[in-house]
Amino acid sequence: MPDRLHGGAQVFFRSVWDTLGKCLPLFGAVPVTLIYRENDRAEFKVSIPLSFQASAGRHMYSSRPSDLYSCYISIETCPNRDGDYLAVHSSQYALRVGSAPIVRFEYDRDKSIAHPVAHIHFHGAGTWLSPALMRNKPKQNKEARQGKIEGIHFPVGGHRFRPSLEDFLFFLLGECGFEGKTGWENVISRSRNEWMDIQLRAAVRDNPAVAVEKLRELGYGVVEPEQGPVSYWRRAGW
């Protein structure tokens, strides 16, 4: 990875930490950032205790960390396919009870086509889904074959349209009701819009012809490059 991409990874990780710090009480949590120059990777990971609301009133919080619930954030970066931009190689956003996960939002750029690259794991009772898993799942998926719902990869948008860190934070604070700092909604709204613009640019690189077609429909004048149109290329898999 060129030095500028190593620097880009550090800037990206600082922005992640800034978003987390503006949304969650950190309770002394300290992130770990690692740069692997031998394989052009960089990694960010942190575990943050969560806290309960002190009452049913909005924005009334306990301001004390739970001794049971936490969130775990792990992001690994790599160069993109052309080596000119930073890409996410893998990520995991998990809600944990003790050391055991409850829900995991995961992405793995190199996941085999047998499983969706972007997926959610849910750990809990499978109820009516368990008998179907026990009957239908192939031998290599041991957890699902035993009727365990955590063995299922719920697909969520693929390489370009997967859930973001901001979606996970909304899940924690907006849906699960854990403590967030005042104004967290505005923070993740702005940050999510930035994420969506980044993903839009990446999606255009996958198939520029579609972007050109739509821009022309909207009245923009688009001129093809002298070397001809950029070829279609989209990563395989779910």
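Where a number appears in this text, it was derived from the coordinates with a stated rule and is not lab data. Keep in mind that this is a model prediction, so the values were computed, not measured. No Cβ is skipped: glycine too gets one built from the backbone with ideal geometry, and neighbour counts run over all protein chains shown.
When peptides 31-38, 87-94 are sorted by average Cβ neighbour count within 10 Å, with the highest value leading, the order is 87-94, 31-38. Largest GNM mean-square fluctuation across N39, N186, N80, computed for the chain with C-alpha springs under 10 Å, falls on N39. Taking each residue as 0.36 nm, the span from Y36 to R81 lengthens on full extension beyond its C-alpha to C-alpha distance by 14.4 nm. Given a Förster radius of 30 Å and the C-beta distance between Q227 and R160 as r, what FRET efficiency does 1/(1 + (r/R0)^6) yield to the nearest 0.05? E between Q227 and R160, to the nearest 0.05, is 0.75. In the set (1) 19.8, 58; (2) 20.3, 64; (3) 30.1, 110, the label that goes with Rg and Dmax of the Cα atoms in Å computed for this structure is (2).
Length available on full extension from R234 to A114: 0.36 nm per residue minus the Cα-Cα distance, which gives 41.5 nm. If a spin label sat at a point 7 angstrom from the Cα of R64 along the line to its beta carbon, the backbone N atoms of the stretch 150-182 nearer than 19 Å would be those of 178-181.
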